[in-house]
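Chemist: Let me begin by handing over the structure; questions about it come next.
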């Protein structure tokens, strides 16, 4: 069983003390959400500020594409694909109905154009083209989607396709959509696509110019909107994952089962307005910020920096006292060598005894075993 070094730092910050709170029930109960399911989530911490049937398993329609875009972003950042790669469109991709950018079999499109088509115009054909390019087949890509969902602990979710077209046993929940939307928003590369209001792409053998207008109307009409995705089918009704950022506070409102398009945007706006009016976020640490120095006598470098894997922020209720305790847990039972980016511990933030936020600590370099010469030199230095 792994042992941990527990370093307790009870710190009262003069300028950025923090608390982690849930929504005031008396206030949140006054929120009127007509849609079937909803959640309001803080992007930094993942805290839920409001929920209505948030774990009910429902068809998400095109909000499914949040996961498709997430896997595209991961493939781009890992170097598996590049933004200017050329993708040949298959018969299968071109045959997709519903919202599309009218791709034709055999034409070649860049990853950039296909991602734009997915994010802005909710293009089903572009989703399939990218799934085939990254996964080798739609089936393999859907398997990747479900594996990622499991990794993110999206316990209410099962994907059957890449785009949300009606199919049996394809479902998720407002809560799980919040989780995958948070994860997507961590990728800087997606921001310009999610916030594009209007653009165009050239498609087909005749090189026709297709105008694109963002299906998420909040991008134009809501202050600070950052994304994410809309959806509609007859079964799912009107859905949206809507995110917005003001100052350091970044929120996601997920709406499933709205009766009209106007209803989904109204409900999302109501939740975002509530969040910004009552809460504010304080950043605790930044991605790649050094937070701990690990001592390893048998490693090639005796001191290794551990850095935050992601940004970490704590949401606070406006007007309330702000204090927290930080605990750093570092794995002591390590086996060398260790690759850069390996998780070796966690930073945990507590309010009293309650865990209110955490971030993984990862190594900032490769760690190899010390050579015999290095070990001998250290032994001599210890004796002297």
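The values are calculated or read from the model by the stated rules, or taken from the named source; none is laboratory data. All figures in this text were calculated on a predicted structure; none of them were measured in a lab. Cβ coordinates were reconstructed from backbone atoms using ideal geometry, including for glycine residues, and neighbour counts include every protein chain displayed.
Chemist: Just one of (1) modelled with pLDDT of 85 or more; (2) farther than 23 Å from residue 187 by Cα; (3) part of a strand (DSSP E or B) trips up residue 304, so point out which.
Modeler: Against the list (1) modelled with pLDDT of 85 or more; (2) farther than 23 Å from residue 187 by Cα; (3) part of a strand (DSSP E or B), residue 304 comes up short only on (1).
Chemist: Which one is surrounded by the fewest Cβ atoms within 10 Å (Cβ to Cβ), of the residues in segment 162-181 that are within 22 Å of residue 258 (Cβ to Cβ) and more than 17 Å from the chain's Cα centre (by Cα)? Walk me through it before giving the result.
Modeler: Taking segment 162-181 as the starting set, the residues that turn out to be within 22 Å of residue 258 (Cβ to Cβ) are 163-167, 170-181.
Pick out the ones that are also more than 17 Å from the chain's Cα centre (by Cα) and you get 163-167, 170-171.
Numbers: 163: 25, 164: 31, 165: 19, 166: 13, 167: 11, 170: 20, 171: 18.
Residue satisfying both the conditions and the ranking: 167.
Chemist: Look at residue 44 and say whether it is in a loop (DSSP other than H, G, I, E, B) and within 14 Å of the chain's Cα centre (by Cα).
Modeler: Numbers: in a loop (DSSP other than H, G, I, E, B): yes; within 14 Å of the chain's Cα centre (by Cα): yes.
Spelling it out, residue 44 is indeed in a loop (DSSP other than H, G, I, E, B) and within 14 Å of the chain's Cα centre (by Cα).
Chemist: Before we move on, is residue 152 assigned by TED's automatic domain parsing to the domain that holds residue 124, buried (at least 22 other Cβ atoms within 10 Å of the Cβ), touching a helix residue (DSSP H, G or I) at 6+ places or on another chain (Cβ under 7 Å) and at pLDDT 95 or above? Write out each step before concluding.
Modeler: Working: assigned by TED's automatic domain parsing to the domain that holds residue 124: yes; buried (at least 22 other Cβ atoms within 10 Å of the Cβ): no; touching a helix residue (DSSP H, G or I) at 6+ places or on another chain (Cβ under 7 Å): yes; at pLDDT 95 or above: yes.
No, not satisfied.
Chemist: Exactly one of (1) closer than 29 Å to residue 178 by Cβ; (2) out of contact with any helix residue (DSSP H, G or I) (no Cβ under 9 Å at 6 or more places or on another chain); (3) surrounded by fewer than 18 Cβ atoms within 10 Å (Cβ to Cβ) is unmet by residue 121. Its number?
Modeler: So the condition that residue 121 fails would be (3).
Chemist: On to the next question. With respect to residue 230, is the statement that it is assigned to a loop (DSSP other than H, G, I, E, B), surrounded by 17 or more Cβ atoms within 10 Å (Cβ to Cβ) and in the same structural domain as residue 69 (by TED's automatic domain parsing) true? Steps first, please.
Modeler: On the way: assigned to a loop (DSSP other than H, G, I, E, B): no; surrounded by 17 or more Cβ atoms within 10 Å (Cβ to Cβ): yes; in the same structural domain as residue 69 (by TED's automatic domain parsing): yes.
Taking the combined requirement at face value, the residue does not satisfy it.
Chemist: Any idea which of (1) at pLDDT below 80; (2) under 19 Å from residue 291 (Cβ atoms) is the one residue 377 doesn't satisfy?
Modeler: For residue 377, the exception is condition (2).
Chemist: With respect to residue 58, determine if the residue is closer than 18 Å to residue 179 by Cα and buried (at least 19 other Cβ atoms within 10 Å of the Cβ). Break it down into steps so the answer makes sense when it comes.
Modeler: Details: closer than 18 Å to residue 179 by Cα: yes; buried (at least 19 other Cβ atoms within 10 Å of the Cβ): yes.
The answer is yes for residue 58.
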